[in-house]
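In what follows, a structure is listed as structure tokens, so that the remarks can point back to it.
The values are calculated or read from the model by the stated rules, or taken from the named source; none is laboratory data. None of these values were measured; they are calculated from a predicted model. Glycine also receives a Cβ, built like all others from the backbone with ideal geometry; neighbour counts cover every protein chain displayed. Ligands, DNA and RNA are excluded from the accessible area calculation, which covers all protein heavy atoms including side chains. Shrake-Rupley method; radii C 1.70, N 1.55, O 1.52, S 1.80 Å.
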Amino acid sequence: MPYGISEPSTAAPSRVPASRRPRNAAHPSPALRARAVRALRHASPALLAYAAVRTLGLLVFGAWAHHKHRGVRHLLMESWDCDWYLKIAEHGYAHTLGTQFDANNLAFFPLLPSLIRAGDALVPGLPRGAVGLGIALVCSFAAAWGIFAVGDRLYGRRAGVVLAVLWGSLPVALVQWMGYTESLFTALTAWSLYAVLTGRWLWAGSLAALAGVTRPTGVALAAAVSLTALLSLRRRAPFAVRPLLGALLAPLGWLAYVGWVGLRLGRWDGYFAVQKLWHNEWDGGVETLRRMHALFVIERPQLFLAMVTAVLLGSVVLFVLSAGDRQPLPLLVFTGLLLLIVLGSSGVYFPRARFLLPGFPLLLPVAVALARARTHVLVTALTALALTSAAFGGHMLLAWLGPP
């Protein structure tokens, strides 16, 4: 009889104790659970430090809002873009293009509204705003974990922890705990890039496809994943299945939504026509330079807009440093294209620091430098950044009269 194959027994089944019976395949194996626990324990310093930084920001914001007699719940759950996503979740998308400026909701991608609608169905009676905020909170920790994983793989655990804390200490990091798409998009981006770095092409492509139905800048991640996957074929068989599938999957989400908008409006350029109504076209950076010149030469610079400009210019410097450090290609492609899209847009100026939140690889040069510093220097620097972020979060939503 061949090895490993036996005839079926006709004897009565033996009564095996429950503790020794095979586990149901639906339940995770002990090895898988142990691996997940080890991974969580390994990432726990980053997650705890991230939670501390963002909790500090939330407490400062809450005290400031109370002093200003503003509702924290409304600001975090229902204001500005939160309101757009909540209305899409409730009423769906527009059927026509229209002519009104800043009024067509087809400019907003569908994954977050779909998740809000699903959460509303699963937990009846819970306000939709609370569902959106809950999604953002969960995704912010998923994003911090993914950011840590990328930093840990490239430069070690200490650098990964610092990278996650830096992301949580950005000037506009309060948005990470609002009903916006930044935390969801960053989580998908971080784990997609990590999958690329570890050669998990199907995961990389699938997560990039989901990012493509989350934000317009998902096209930058799709390009990074597809290009890296195709270039990897030079070291493999020309028709290796997994990299090819990853490369094909990555842009599907973005292409699907843009194509659907075109079909809904009855014109091939429907999505771009919607963006034009929002005065959001790519002009190579002309409008960005004009706004910077106006802010510092013609007008009196305002604190929030000065911060936005500092973030934009600092991001360019950090990209140059990242390229000089020879970061992995997918990270450079993603951040380079993200900068091109954000800086090259003619759209509204003041949300652009928020648009760059998913570009966490830009923080790697700073994270590596701080990780190599002495502990007291590292703690002092991160504490100062966390306090600055908390102050800017309150200023952004309470003193600056406009959407972040």
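When the label point is put 7 Å from the Cα of Ala103 along its Cα-to-beta-carbon vector, which residues of region 276-318 have a backbone N closer than 19 Å?
Those under the cut-off are 276-280.
Rounded to the nearest whole Å³, what is the per residue volume of the convex hull around the Cα atoms of region 250-389? Walk me through the numbers before you get to the answer.
Working: hull volume 20.3 nm³, N = 140.
Convex hull volume per residue, Cα atoms: 145 Å³.
How much net charge surrounds Tyr349 when only other residues with a Cβ under 11 Å from its Cβ are counted (Lys, Arg +1; Asp, Glu -1)? Each step should come with its number before you reach the end.
Details: positive: Arg290, Arg291, Arg352; negative: Glu287.
Counting the neighbours of Tyr349, the net charge comes to +2.
With N set to the residue count of the chain, report its C-alpha Rg divided by 2.2 N^0.38 Å to two decimal places.
On the way: Rg = 23.5 Å, N = 404, 2.2 N^0.38 = 21.5 Å.
For the chain, the normalised Cα radius of gyration comes out at 1.09.
Please check the chain for the longest run free of GluC sites (Glu not before Pro) that are loop-located per DSSP (anything but H, G, I, E, B) and have at most 15 other Cβ atoms within 10 Å. Could you put the intermediate results ahead of the total?
Values: sites that count: Glu281, Glu299.
That would be 1-280.
Say R0 is 30 Å: what FRET efficiency, to the nearest 0.05, do Lys276 and Ala323 get from their beta-carbon distance? Walk me through the numbers on the way to the answer.
On the way: r = 33 Å, r/R0 = 1.08.
About 0.40, to the nearest 0.05.
For every helix of n ≥ 4 consecutive DSSP H residues, a contribution of -39,500 (n - 2.57) applies; sum these over the chain, divide by its total residues, and give [θ] at 222 nm rounded to the nearest 500 deg cm²/dmol.
Numbers: 18 runs with 257 residues, N = 404.
When only DSSP H runs of four or more count, the value is -20500 deg cm²/dmol.
Identify the trypsin sites (Lys or Arg not before Pro) of region 211-254 meeting these criteria: DSSP loop state and at most 14 other C-beta atoms within 10 Å of the C-beta. All intermediate terms of the calculation are to be shown ahead of the outcome.
Working: sites: Arg234, Arg235, Arg236; in loops: Arg236.
Those that pass, being in a loop and sparsely packed, are Arg236.
Over its Cα atoms, what ratio of radius of gyration to 2.2 N^0.38 Å does region 210-280 give? Working shown, then result.
On the way: Rg = 14.9 Å, N = 71, 2.2 N^0.38 = 11.1 Å.
Region 210-280 yields a ratio of 1.34.
Quick one: what are the phi-derived ³J(HN,Hα) couplings along region 108-115, Karplus 6.51/-1.76/1.60 with θ = phi - 60°, whole Hz, x for glycine and proline?
Coupling constants for region 108-115: 9, 6, x, 5, 5, x, 5, 5 Hz.
With a 1.4 Å probe and all protein chains left in place, how much accessible area per residue does region 85-193 have, in Å²?
On the way: 3770 Å² over 109 residues.
Spelled out: the 1.4 Å probe surface of region 85-193, per residue, equals 35 Å².
If you average the alpha carbon positions of region 184-248 and of region 343-368, how far apart do those two centres end up, in angstrom?
Value for the Cα centre distance between the two parts: 21 Å.
Along region 158-170, what does the Karplus equation 6.51 cos²θ - 1.76 cosθ + 1.60 (θ = phi - 60°) give for ³J(HN,Hα), rounded to whole Hz, x for Gly and Pro?
4, 5, x, 5, 4, 4, 5, 5, 4, 4, x, 10, 5
Can you give me the distance in nm between label points at Leu59 and Asp283, each placed 7 Å from the Cα along the Cα-to-Cβ direction?
Between Leu59 and Asp283, the simple spin-label model gives 4.5 nm.
Give me the Kirkwood hydrodynamic radius of region 100-222, using the inverse of the mean 1/r over all pairs of distinct Cα atoms, in Å to one decimal. Spell out each step's value before the answer.
Working: mean 1/r = 0.0655 Å⁻¹.
Value: 15.3 Å, from the Cα pair sum.
Once the Cα atoms of helix 182-197 and of the chain are each reduced to a long axis, what angle between those two axes, in degrees from 0 to 90 to the nearest 10, is obtained?
That works out to roughly 50 degrees.
Roughly speaking, what % of Cα-Cα pairs in region 334-404 are separated by over 19 Å, rounded to a whole number? List each step's numbers first, then the result.
Working: 1292 of 2485 pairs.
Above the 19 Å cut-off, region 334-404 has 52 percent of its Cα pairs.
Take the solvent-accessible surface of the protein heavy atoms, probe 1.4 Å, and return the percent of it on the chain that carbon and sulfur atoms account for. It would help to have the intermediate numbers written out before the result.
On the way: 13350 of 20280 Å².
Carbon-and-sulfur percentage of accessible area, whole number: 66.
So for region 159-247, Kirkwood radius off the Cα pairs, Stokes-Einstein at 25 °C and 0.890 mPa s: how many µm² s⁻¹?
Diffusion coefficient, whole number: 177 µm²/s.
Starting from 0 in steps of 10 Å, tell me what percent of the Cα-Cα pairs of region 143-188 lands in each bin.
30, 51, 18, 1
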